[in-house]
Amino acid sequence: MKAKDYFLRVAQAEKEIRVLRARVAHYEDLGLSITAHITNTPISSKKGSSRVESSAVGIVDGLNAIQGKLGAYESIVRGAEILIEKIPQERYRRLLTLHYLCGWKLPKVGQELGYEDRNSVYRAHGWALCEAQKLMKEDDG
């Protein structure tokens, strides 16, 4: 796999992590407010089963499904962090981190890292990907 494709996959994983974390926060808010909005009236003939209990079970099931997905995406991101840490040039490490892990656009990365013009940050991005590609080949070979 080419380094750019790999890091695009990592950037997508980062976006998915943010979405899933927002969903977790939403479920947690629902869990906190559930008793305020749902009565303790049984919803089935099964003794002890209430709307609160049923809703709580649904929330827990939803959270468990999200946690599994989060773990998969987090392992993708952790792999990228390990790869980036191996790059010898600090500037390239910061560039890849800000762009792919933090989601910054390259012009903003260029400003942060002090590149004088737009083309310079794009060239540096290319060189950073080349360094990552070398390390990926070493890890595979």
Where nothing but the Cβ of Lys and Arg (+1) and of Asp and Glu (-1) is charged, how large is the charge dipole of segment 3-140 around its Cα centre, in debye to the nearest 20? 280 debye
Given Cα pairs under 8 Å that are at least 6 residues apart, what percent is the relative contact order of segment 3-140? 29 percent
Mean ellipticity per residue at 222 nm, deg cm²/dmol - from DSSP H runs of n ≥ 4 across the chain, formula -39500 (n - 2.57): -27000 deg cm²/dmol
Dipole-positive endmost among Ala65, Gln89, Gln133 within the chain (Cβ charges, Cα centre): Ala65
Computed on Cα atoms, the radius of gyration and Dmax of segment 3-140 in angstrom are 22.2, 72
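A short reminder: the numbers here are calculations on the coordinates, not readings from a lab. The model shown is predicted, which means the values in this text are computed figures rather than measured ones. Heads up, the Cβs are rebuilt from the backbone with ideal geometry, glycines too, and the neighbour counts pull from every protein chain shown.
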